[in-house]
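Since the structure comes first, as structure tokens, the remarks are kept for the end.
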Amino acid sequence: MTALKENFERLEEAIENACRAAGRPRAEVELMAVSKTYPAATIAEAAALGLRLFGENRVQEFAGKATELEGLRSDGSNAAADEPIRVHLIGHLQSNKAARAAELFDAVDAVDSLRLAERLNEAAAKLGKRLQILIEVKLSPEETKAGLDPESAEAAQLLERLPSLAHLHPHGLMTIAPWGVPEEETRACFRALREWRDRWAVSYPKLAWDVLSMGMSGDFAAAIQEGATRIRVGTALFGKRQPYTGPA
């Protein structure tokens, strides 16, 4: 048994236990494998184990892997074509890289401004596609965290404008909990995202709100108990990663 397969089985057991503790069926929680800094061969190995959803942090880093993964993402003769893998951008995206991101990724899960949404919509229109997005919400005081302040005018402007951006498919929210804080603070962050989702679902009924992407290797159990529908796990699956040293 490979290390990845062993980690995957251990992780699946932990997810099932967390779902059971939360009184939720396992099928309600989607696992995203965060493959940043790992080569295309590792993604292919994970796909062979049954993983289908992957998260990448940087446009340029994934551009270097995309060609090698074409067979896993296409409708060609590859064995995975019946259920191709999907790759989402989960890291902060500068608006000047929106066109390349729309081309490379199946979804952008870190939309944090109206300007970025408009750039992605324009790029998706040129590609003839409808790009899935999540709105990234900043619920942590850490300055290094990206995302929209949910109480800001920018958030309201984005939510008002999104229904008219025909080449985007917004379908939920994403957040990152603060590092190194007591579990109750982590849970409060996740709970707040769920509450904003519920509030906005009433105020903006033209948008879809089915995804709550929250929780990572160290806190996904708490996220599941607070309502996560998608967890983003890298280290617990792939092991300790090497620092990224390539282009942004």
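Pull out a ≥ b ≥ c, the square roots of the eigenvalues of the alpha-carbon gyration tensor of the chain, then state rounded if a/c is under 1.5, prolate if not and a/b is larger than b/c, and oblate in the remaining case.
oblate
As a footprinting exposure proxy, order Lys138, Lys65, Lys126 by other Cβ within 10 Å, with the fewest listed first.
Fewest-to-most Cβ neighbours within 10 Å comes out as Lys126, Lys138, Lys65.
Would you please classify the overall shape of region 1-113 from the alpha carbon gyration tensor, given that a ≥ b ≥ c denote the square roots of the eigenvalues, rounded means a/c under 1.5, and beyond that prolate means a/b larger than b/c while oblate covers the rest? Intermediate values should be presented prior to the final figure.
Details: a/c = 1.96, a/b = 1.34, b/c = 1.46.
Oblate, because a/c is 1.5 or more while a/b does not exceed b/c.
Got the relative contact order for the chain handy, in percent, Cα pairs under 8 Å and 6 or more residues apart?
After rounding, I find 20 percent.
Anyone know which of Glu151, Glu30, Glu226 comes out most mobile in the 10 Å Cα GNM of the chain?
Sorting by GNM fluctuation, first place goes to Glu151.
Run the helix sum for the chain: -39,500 (n - 2.57) per DSSP H stretch of 4+ residues, divided by residue count, reported at 222 nm to the nearest 500 deg cm²/dmol.
After summing the helix terms and dividing by the residues of the chain, the value is -12000 deg cm²/dmol.
Which of rounded, prolate or oblate describes region 108-211 when judged by the alpha-carbon gyration tensor and an a/c cut-off of 1.5?
prolate
Values quoted throughout were computed directly from the atomic coordinates according to the rules given, and no laboratory measurement underlies them. Note that the structure is predicted; figures quoted are calculated from it, not measured. Here the Cβ is made from the backbone with ideal geometry for all residues, glycine too, and neighbour counts use every protein chain on show.
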